[in-house]
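Beneath this line is the structure, given in structure tokens, with notes to follow.
The values are calculated or read from the model by the stated rules, or taken from the named source; none is laboratory data. Predicted, not measured: the structure shown is a model, and the values here were computed from it. Note that each Cβ is placed from the backbone with ideal geometry, even for glycine, and that neighbours are counted across all protein chains shown.
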Amino acid sequence: MKLFTKLGLLTMFAVILAGLTSCDDNKSNGDTETEQYFRNCYTAATSATSGATNITARVVVYLRLNWTQQTASMQFSSITIGSNALPNLSIENLKWTQDKDGWGTIKVPVVQAKGANGSLYTLNDFEFRWQDRLDLGNALESPELYCPVMEFSMDCNGYEISGSRLPVIAMGTTVSSAPGVEPFSSNRTYYWLDINFDTRKASLSLGKAQFANGMPAMDMTFPDLPITIDEDAHITIQAASLIPTINDVPQPEFPISNLKIEYDGIDGMDVEFDCNVRKARMYHVQADNLNYLGFRNWK
């Protein structure tokens, strides 16, 4: 178990306040409530008639939780369906639960949302899941880092809407193999995926990447990766070949090939690629089911 310094505790407290913008006992009824914003979210809205999907970036989700009554109120802003921007949508009095891993869940078959313009919207098959990940900053030795994970879906006005948030920070077991050597596994490599929806390009950063015994751990980035996103807001990235960078400097002695990344906001991320280390030995690197839970056992 790690011991936190006084400074670390103060920093973590600041992190919590940044994500949970208030935490108070409601003076009128004694209930404890918290509120927070999930920023830098994105949505994929697919038409039930045409099958066309449009992506909206910079969506903001507001969540207020009543911990005493286990109820929630929410607001979604900046969602576009087809060519129409929805007004800010507010939903009240939702029941929520939390499991042993800290995942919060709201799931209702039908709910009414009120638009900022006063109109009502019927949302079918509404589901929202989130995890605050307040332990992530400490694991990465960056206590100021607050990066919650979330995913949601709903049907609205003939569109199926799915969404998640960026950046994606995940960890798990990374296994490297090469002809003539024993497979090498590491639980210390972490993956940071960020996406620019304006350019439809992504970057994947690997922290403490290590593919073999004796290889120094390196921080490297795979830049300018083309992305595709499906109607469920699941992201796929593929690249036949690329040159990674370290501190923004290209590293041609570590060429990467056959890169494939798949990301789902709830299930996590799969990463697979080949790396020709110093053009002397080809390593196949694979990391499946990467998610934030890996940080709990990271040392």
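For (1) at positive phi; (2) polar (S, T, N, Q); (3) part of a loop (DSSP other than H, G, I, E, B), each residue gets a yes or a no:
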{"residue": "182", "(1), (2), (3)": "no, no, yes"}
{"residue": "193", "(1), (2), (3)": "no, no, no"}
{"residue": "203", "(1), (2), (3)": "no, yes, no"}
{"residue": "221", "(1), (2), (3)": "no, yes, no"}
{"residue": "224", "(1), (2), (3)": "yes, no, no"}
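Being of a type in the set (D, E, K, R) and outside any strand (DSSP E or B) is the filter; apply it to segment 266-280 and report the residue that is farthest from residue 255 (Cα to Cα).
The qualifying residue farthest from residue 255 (Cα to Cα) is 267.
Give the residues of segment 98-122 that are closer than 19 Å to residue 164 by Cα and assigned to a strand (DSSP E or B), sorted by residue number.
98, 104, 105, 106, 107, 108 - these are the residues of segment 98-122 that are closer than 19 Å to residue 164 by Cα and assigned to a strand (DSSP E or B).
Looking at the structure I just gave you, is residue 237 among the aliphatic types (A, V, I, L, M), touching a Leu at 6+ places or on another chain (Cβ under 8 Å), surrounded by 14 or more Cβ atoms within 10 Å (Cβ to Cβ) and under 18 Å from residue 165 (Cα atoms)?
For residue 237, the condition - among the aliphatic types (A, V, I, L, M), touching a Leu at 6+ places or on another chain (Cβ under 8 Å), surrounded by 14 or more Cβ atoms within 10 Å (Cβ to Cβ) and under 18 Å from residue 165 (Cα atoms) - is met.
Quick one: which of 88, 93, 26 is modelled with pLDDT of 90 or more and either loosely packed, with under 14 Cβ neighbours inside 10 Å or within 19 Å of the chain's Cα centre (by Cα) (or both)?
Of the residues listed, the single one that is modelled with pLDDT of 90 or more and either loosely packed, with under 14 Cβ neighbours inside 10 Å or within 19 Å of the chain's Cα centre (by Cα) (or both) is 93.
Could you check segment 212-234 and list, in sequence order, the residues that are exposed (fewer than 15 other Cβ atoms within 10 Å of the Cβ), charged (D, E, K, R) and at pLDDT below 90?
Across segment 212-234, the qualifying residue is only 230.
For residues that are outside any strand (DSSP E or B), modelled with pLDDT of 90 or more and either closer than 30 Å to residue 121 by Cα or touching a strand residue (DSSP E or B) at 6+ places or on another chain (Cβ under 6 Å) (or both), tally how many sit in segment 143-180.
4
Let me confirm something: among 277, 271, 285, which residue is closer than 25 Å to residue 103 by Cβ and touching a residue at least 60 places away in the same chain (Cβ under 8 Å)?
271
Name the residue, out of 212, 202, 217, that is hydrophobic (A, V, I, L, M, F, W, C), under 30 Å from residue 54 (Cβ atoms) and touching a residue at least 12 places away in the same chain (Cβ under 8 Å).
202 is the lone residue from the list that is hydrophobic (A, V, I, L, M, F, W, C), under 30 Å from residue 54 (Cβ atoms) and touching a residue at least 12 places away in the same chain (Cβ under 8 Å).
Given the criteria under 15 Å from the mean Cα position of the chain (by Cα), modelled with pLDDT under 95 and surrounded by 19 or more Cβ atoms within 10 Å (Cβ to Cβ), does residue 209 qualify?
For residue 209, the condition - under 15 Å from the mean Cα position of the chain (by Cα), modelled with pLDDT under 95 and surrounded by 19 or more Cβ atoms within 10 Å (Cβ to Cβ) - is not met.
Quickly run through segment 243-256 and pick out the residues that are surrounded by 14 or more Cβ atoms within 10 Å (Cβ to Cβ) and polar (S, T, N, Q).
Residues satisfying the conditions are 245, 251.
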